[in-house]
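Scroll down for the structure; my scribbles are underneath it.
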Amino acid sequence: MKYLLTITSIVILAGGLWIGLNGHSAVMTISFVASMAFLFTANLDRISEFRASGSGIEAKTREIIAKAETTLTELQVLAKIMGTLTLSLVKRSGRLSGYADDEQELIRASVLNVLEKVGIPKAEIPGVLDEWHTYTEYDYAQAIFDSTHVPDNAEPQIMEEWRALRSRNILKIPTPSEIRSFLEKYGFMTEDLNGYLKDYEHYREFKVHRRPDVWKERKHWGHLRKT
């Protein structure tokens with residue numbers, strides 16, 4: 001039964017992630033919580049007795065405290081892995097017109113809340129969000145370059161450098177300083193672009209958006225034009 005419950009937990013999580021990637025964000029969150037509940041149930045054989053008290057429900061364990069602590073640690077590790085995977089998939093789905101910005105933030109808040117409740121140390125939460133931040137930085141660079149349009153009145157040399165920067169993958173994202181250098185070198189810099197670069201720099205340093213409302217409009221930032 002223990003193994004069946006564990007397998008069921010994994011199936012629920014996988015199914016929820018798949019449904020979530022198809023636009024049902026609430027299902028992903030529910031499946032994450034349900035999966036953790038099944039994992040807890042799978043370990044009920046370690047608990048011999050529940051009883052109600054004035055302060056709530058108490059449980060007596062059959063095994064020594066050390067084993068109980070080991071089980072909790074294992075659940076925390078698994079919860080952290082699940083949280084990392086969920087957040088990574090949510091962020092990656094944006095490349096397929098998946099979740100809107102507000103939905104992404106709701107899912108992130110929900111997952112982080114669950115991780116906190118199962119006891120994941122706050123110091124370990126930034127590691128769970130590594131890919132989330134990486135893909136956000138990638139989106140900043142792409143939005144500033146407006147990867148769907150070529151620059152206006154650009155000579156071949158400019159186009160070559162533009163493509164080289166714009167086409168970098170997630171492993172080598174153009175930095176704000178690299179983009180700024182290109183824009184100033186070829187006369188593309190504007191007040192708006194300077195503001196977007198400051199937003200990008202702020203996110204890289206603090207992992208939060210400097211101007212959330214402006215960030216939500218990134219698809220309308222426009223393409224490069226010589227000033």
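The values are calculated or read from the model by the stated rules, or taken from the named source; none is laboratory data. None of these values were measured; they are calculated from a predicted model. We place every Cβ from the backbone using ideal geometry, glycine too, and count neighbours over all the protein chains shown. The protein model used for the area step is the full one, side chains on, heavy atoms only, and it has no ligands, DNA or RNA in it. Shrake-Rupley method; radii C 1.70, N 1.55, O 1.52, S 1.80 Å.
Of the trypsin sites (Lys or Arg not before Pro) found in the range 124-227, those in coil by DSSP whose Cβ has at most 11 other Cβ atoms within 10 Å are LYS172. Rounded to the nearest 10 square angstrom, PHE145 shows an accessible area of 0 square angstrom against a 1.4 Å probe.
Expressed as a whole number of Å, what is the distance separating the alpha-carbon centroids of the range 197-226 and the range 147-171? Cα centres, the range 147-171 to the range 197-226: 19 Å. Counting protein heavy atoms only, the range 124-208 has 49 percent of its accessible area on carbon and sulfur, 1.4 angstrom probe. Loop-located GluC sites (Glu not before Pro) in the range 149-227 (DSSP state not H, G, I, E or B) with no more than 14 neighbouring Cβ atoms inside 10 Å: GLU217.
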